[in-house]
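As structure tokens, the structure follows; a few thoughts come after it.
The values are calculated or read from the model by the stated rules, or taken from the named source; none is laboratory data. The structure displayed is predicted, hence computed values, not measured ones. Methodologically, a virtual Cβ is constructed for each residue, glycine included, from the backbone with ideal geometry; neighbour enumeration extends over all protein chains shown.
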Amino acid sequence: MKKIILSADNNLKLYSVPDEVADDLGKYSFEFNQWLFQSPYAEKYRKQGISNDKTYIYVVYNEKDFIEYLNQWIFPDNPSVFIENICEFNEKIPDKYAAYQWYNF
């Protein structure tokens, strides 16, 4: 397990995730995004909007939803866990966390 920082334009949070996730966070976040739009299990995240008389689908989620996805669908036998809040989104990451990878959804 490795530690990473996740946020969704809110507080930065430290999580412990499987090594594979930390080593290829871009891949797993991309796959999560695909899942949000395609999986019947992700219906609760989808919303419908209208712009210029055209209907479109968008998704609403945060970093907790990403962790839930990892734990339920990708690594159920190696769950990710929340460790602690680090700081607010607009604050500088404290030096002791500077080496950790950070992803903002």
Inspect the range 75-86 for any residue being over 17 Å from SER16 (Cβ atoms) and either among the acidic types (Asp, Glu) or free of Cβ contacts under 8 Å to residues at least 60 places away in the same chain (or both) and give the result as yes or no. no
Residues that are in contact with a helix residue (DSSP H, G or I) (Cβ under 8 Å, 6 or more places away or on another chain), in a strand (DSSP E or B) and modelled with pLDDT of 95 or more: does the range 27-44 have at least one? no
Consider only pairs whose beta carbons are under 6 Å apart and that are at least six residues apart or on different chains; among these, list those whose first residue lies in the range 14-40 and is more than 14 Å from GLN72 (Cβ to Cβ) and whose second residue is in a helix (DSSP H, G or I) and basic (Lys, Arg). none
Kindly evaluate TYR41 against the criterion of being over 19 Å from ALA22 (Cβ atoms) and surrounded by 14 or more Cβ atoms within 10 Å (Cβ to Cβ). no
Restricting attention to the range 65-105, and to residues there that are assigned to a loop (DSSP other than H, G, I, E, B) and acidic (Asp, Glu), which single residue is surrounded by the fewest Cβ atoms within 10 Å (Cβ to Cβ)? ASP77
